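Laboratory data are not the source of any read-out in this text; all were calculated from the coordinates shown. Fair warning: this is a prediction, and the values are worked out from it, not measured in the lab. Cβ placement follows ideal geometry from the backbone for every residue including glycine, while neighbour counts extend to all protein chains displayed.
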Amino acid sequence: MISFLKVILNIITKKEVYGVVVTLAIAYFVYRTTSIILEDVINYGKNNYEKKKRKTITKLFQNIAKYLILIIAALAILSIYGVNVGGMIAGLGVTATIIGLALQDTFKDIINGINIIVENYFIVGDIVEYNNFTGEVISFGLKSTKIKNAKGEVKIVANRNIMEIKNLSQESQSILINIPLPYEEDIEKMENIIKKDILPKISKIDNVDPKSPTYLGINELAESCINYLISYKCGRETQWQAKRDANRIIIMELNKNKVSVPYPQLEVHNEK
C-alpha cells in the first residue's frame with residue numbers, strides 16, 4: 001500500500017503533471033475573473049440602449065479574452081513538456097502568411113466583429129433584417145451573429161456579411177391609426193377629443209416619441225363611419241405593443257366621452 005502511494009506521489013509531484021493542472025487552474029481563474037469584471041461594467045449603463053451596447057462589448061471582449069488565455073495556457077503547457085516555445089513563436093512568422101491565406105474569411109469575420117461595435121452597426125437586443133429574415137440579435141461573437149425571429153427560428157450570420165444586415169431598431173417607425181367615428185357626431189367635437197384627450201395620452205406610452213403624436217385630419221369617408229387619421233413615432237421593436245396600447249387609449253377615451261365606435265349594419269326591409 002505504501003509503495004502504491006509512493007508511485008502516485010511521484011506521478012503527482014512531476015512537473016509535467018502538477019504544472020499542467022496549475023496552468024489550467026490559473027487560466028480558468030483568470031478567465032472567470034475577467035468575465036465577472038466585464039459583466040459588472042454593464043451596470044454602469046445610463047439607459048437600456050447603453051446597457052445593451054455595453055453587454056455586446058462585454059461579450060466581444062469575453063471571447064477575445066478566452067482565446068488569448070487558451071493560447072497562453074497552451075504555450076505554457078508546451079514549455080513544461082520541454083518544447084522550445086520561443087522557437088515556435090519565431091517560426092510563426094514564416095507560417096503566418098500561409099495561415100492568413102487559409103483563414104481569410106475568419107479574419108474578415110473578426111475584423112468586422114470589431115467594426116460592428118466601433119461603428120455601432122447593431123447591438124444585442126436590436127431588431128435587424130438579413131435576406132428577408134427579421135429578428136432580434138440574441139448573441140454576438142467574434143465570428144458570427146445570431147438572430148432569432150418571432151417564430152423562434154435562429155439564423156447564424158457570419159460577421160463578414162455585415163453590409164447585408166439592416167438595423168431596424170435605430171430607425172423610428174411611423175405608425176398610422178384610423179379612428180372610425182359616426183357621421184352623426186359633430187366633426188369639431190371629435191377632433192377636439194382626439195387632440196386634447198387621445199393624443200396627450202398616446203405621447204406617454206413607453207418608447208413613443210412624446211412630440212410625435214399628431215392629428216392628420218379626416219382620412220376617409222367610409223360606408224358607416226368617418227375615419228380620422230392620427231400618427232406617432234416609436235422604436236420598431238416596440239411598435240406592435242405601442243399600437244395595442246394606443247388602441248386601448250382610443251377606445252377608453254371614446255367611452256369616457258360617450259362616443260360609440262360604429263360598426264357595419266345590415267338593414268332589412270320587409271315588403272309587407
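Would you please name the trypsin sites (Lys or Arg not before Pro) within the range 134-201 that are DSSP coil residues with at most 10 other C-beta atoms within 10 Å of their C-beta?
Qualifying residues, ordered by number: Lys151.
Would you kindly state how much longer the chain becomes between Gln62 and Ala25 on full extension, computed as 0.36 nm times their sequence separation minus their alpha carbon distance, in nm to one decimal?
11.5 nm
Are any of the pairs Lys151/Lys201; Lys66/Lys166; Lys196/Lys258; Lys196/Lys243 more than 22 Å apart by Cα-Cα distance, and if so, which?
Pairs exceeding 22 Å: Lys151/Lys201; Lys66/Lys166.
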